[in-house]
Amino acid sequence: MTILIFVGALLGAMALGVPIAFALLLSGVALMLHLDLFDAQILAQNIINGADSFPLLAVPFFMLAGEIMNVGGLSRRIVELALSVVGHVRGGLGYVTIMAGCLLAALSGSAVADAAALTALLLPMMVKAGHDRARSGGLIAATGIIAPVLPPSIGLIIFGVAANVSISKLFMAGIAPGLMIGAALWFTWWWLVRKETIVPPPRQPRAVVIKALRDSAWALMLPVIILVGLRMGVFTPTEAAVVAAMYALFVSTVVYRELKLRQLYAIFVSAARTSAVVMLLVAAAMVAAWLITVADLPGAVIDLLEPFLDSPKMLVFVIMILVMIVGTAMDMTPTILILTPVLMPVVKAAGIDPVYFGVLFIINNAIGLITPPVGTVLSTVAGVGRMRMDEVTRGVLPFMAAQFLIMFLFVLFPQLITVPAKWFGG
C-alpha cells in the first residue's frame, strides 16, 4: 500500500503537468500523511539538507566549465582536430562526430551541452556532404549521451551522492564503458554508410593535422589534469570541477582569447539556471529518500525481488528492464534520485559491486535521454538542428539499439567494467 501511495502520488502529479521537483515533494507529503508523520519543519529540514552537500558543488562548476568551453572555442577546436584526423575516410564526418563527442564528454560531463555543440558544429556539414539528415541527427544524439558515462560525469556525481559511493571510483570505472559505447557507435555508423557513394574530402596534409593538434592541445589537457589529479589524490571531484572551470576560463580568455569579459555574465547566468534545476531536484528528492527509508520501501522491494537475489545477473537484468521503462517517461536526474535509495539496498543484499552497478545504472539512464517520448537530448538535437522530433527519433534507433546491446553485454560480463576499473583506479 505504501508503494502504491508513493508511486501513485508521483505519477498523478506528473500527469497533471506538475514539474518533477514539486511532484517529488507532493509524493513525499502524501507519504508523510499516510504514515501520520507530517511536519512542515521536517519537510524544510530535509530540503535544506538535500542541497547542503559538498560533493554536489561539483555540479554547478562542471556546468560552468561546459558553458565556458562552448563559448571559448575549446569545443570547436576539438571538432577541428577530429576533422583533420578522420574526416577524409568514407563516412568521415560520422567518425568525426563520435571522436569529438568522446573528447567533449571528457571535458564537460553534460549530454545536453555536448549534443547542442555537436549539432551546431557538425549537423550542417553532414547534411551538406550528402548524409541523411535524420541519421546524422540520430548519431549526434547517440554520441551526446557518452558524456554521462565518461568522467567528469554529472550523472555519476549525483548517483555517488545519492548512493554514498565513491565518486572517484565511479569516474575511473566509467572510462572503459564510455569508450566501448563510442566503439559500438563507430561500428554501427560504418555498417550504415558502407554502401554510400558520398565522396569524402581529401586527406589533410600532415602539417594541417599537427596544427590542429597544437591548437587543441590546451583543450586536450583538461581531461588529463582531471583524471591524473583524481587518480593521484591531488584533489576531490568537487575540487576537480573548480579546477576545470578555472582552467577553461584561463584558456578561453588568455590563450585562445575568444571569450570576452562582457560574455561572462550570460555564461554565469546560464550555468546558474541549469544548476538550479538540478539542485532543486536533488533537494526535493532527499525528502522522498528520507521517507522511503522511514517507510522501509527498500525492504518491500527486496521482498518482491527475493526470487532473484540468488542470481545477481538475473537481478541486474530485471532492474535494467525496469530502468529502461522508467527512462522512457522520466529524465535522468529524477530517475537517479528516485530509484537509487530504493535499489541500492537490493543491490547490496545481492552482493553486487555498487560501483559496477552505478556505472551500469547511469549507462541505462543516459540511453533514456534519447528514448522517446521524453528524450531530453533528442529534443536538444531537434531544436538546435531545426528538425522534427520524429525525424531525429527515426535516425537514432539503430544507434540506440547498439547501445542497449552493449549495456546488456555489461550485464552478462561484469568484468568488462570491473577489470578496467581496477586498472585505472589502481
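Since every read-out is calculated from the coordinates, none of them should be taken as a lab result. Bear in mind that the values here come from a model prediction, so they are computed numbers and not experimental data. Please note: Cβ atoms are built from the backbone with ideal geometry, for glycine as well, and neighbour counts cover all protein chains shown.
Observations, loosely collected:
- Net charge of neighbours whose Cβ lies under 12 Å from the Cβ of residue 375, counting Lys and Arg as +1 and Asp and Glu as -1: -2
- When the chain is treated as a Gaussian network with alpha carbon springs shorter than 10 Å, the biggest mean-square fluctuation among 64, 305, 337 belongs to 305.
- Alpha-carbon centroid distance for the pair the range 24-62 / the range 160-222, whole angstrom: 38
- Gyration tensor verdict on the range 65-173 (Cα atoms; rounded if a/c is under 1.5, prolate if a/b is larger than b/c, oblate otherwise): prolate
- Going from the fewest other Cβ atoms within 10 Å to the most, the residues 416, 227 appear in the order 416, 227.
- For the chain, the longest principal axis of the alpha carbon atoms and the long axis of helix 389-412 meet at an angle near 70°.
- With both labels modelled 7 Å from their Cα along Cα-to-Cβ, the residue 40 to residue 196 distance reads 6.0 nm.
- Distance in nm between pseudo-label sites at residue 88 and residue 386 (7 Å out along the Cβ direction from Cα): 3.3
- Gain upon complete extension [residue 329, residue 294; 0.36 nm per residue less C-alpha separation]: 9.9 nm
- Share of pairwise Cα separations in the range 318-358, more than 13 Å, in percent: 55
- Among 256, 95, 356, the largest mean-square fluctuation in a Gaussian network model of the chain (Cα springs under 10 Å) belongs to 256.
- Ranking of 370, 352 by count of other Cβ atoms within 10 Å, fewest first: 352, 370
- Dipole magnitude for the range 39-425: computed about the Cα centre from +1 point charges on Lys and Arg Cβ and -1 point charges on Asp and Glu Cβ, it is near 1720 debye.
- Two numbers describe the Cα atoms of the range 39-425: Rg and Dmax, which are 20.6, 70 Å.
- Under the convention that each Lys and Arg Cβ holds +1 and each Asp and Glu Cβ holds -1, the size of the dipole of the range 1-118 around its Cα centre is about 540 debye.
- Within the listed set 414, 307, 341, the Gaussian network model of the chain (springs between alpha-carbon atoms below 10 Å) gives the highest mean-square fluctuation for 307.
- Here, the range 1-143 yields an orientationally averaged convex hull projection of 12.0 nm² when only Cα atoms define the hull.
- On Cα atoms only, tilt of 111-129 relative to the major axis of the chain in degrees: 30
- Förster radius 30 Å - calculated FRET efficiency between residue 418 and residue 311, Cβ distance, rounded to 0.05: 0.95
- Toward the positive end of the charge dipole of the chain, with +1 on the Cβ of Lys and Arg and -1 on the Cβ of Asp and Glu, the farthest Cα among 325, 88, 43 is that of 88.
- Shape category assigned to the range 351-410 from the gyration tensor of Cα positions, a/c cut at 1.5: prolate
- Think of the range 39-425 as having a plus end and a minus end, set by charges on the Cβ of Lys, Arg, Asp and Glu; of 308, 279, 164, 279 sits farthest toward the positive end of this dipole.
- Summing charges over neighbours of residue 391, with a neighbour being any other residue whose Cβ is under 15 Å away from its Cβ, gives +3 when K and R count +1 and D and E count -1.
- Given charges at Cβ of Lys, Arg, Asp, Glu: the range 1-102 dipole, positive-most of 8, 21, 62: 62
- Against the chain, whose longest principal axis comes from its Cα atoms, helix 2-15 is set at around 50 degrees.
- MRE, 222 nm, helices only [DSSP H, n ≥ 4, -39500 (n - 2.57), over the chain, to nearest 500]: -25500 deg cm²/dmol
- Rounded Å value of the spacing that divides the Cα centres of the range 404-426 and the range 333-375: 15
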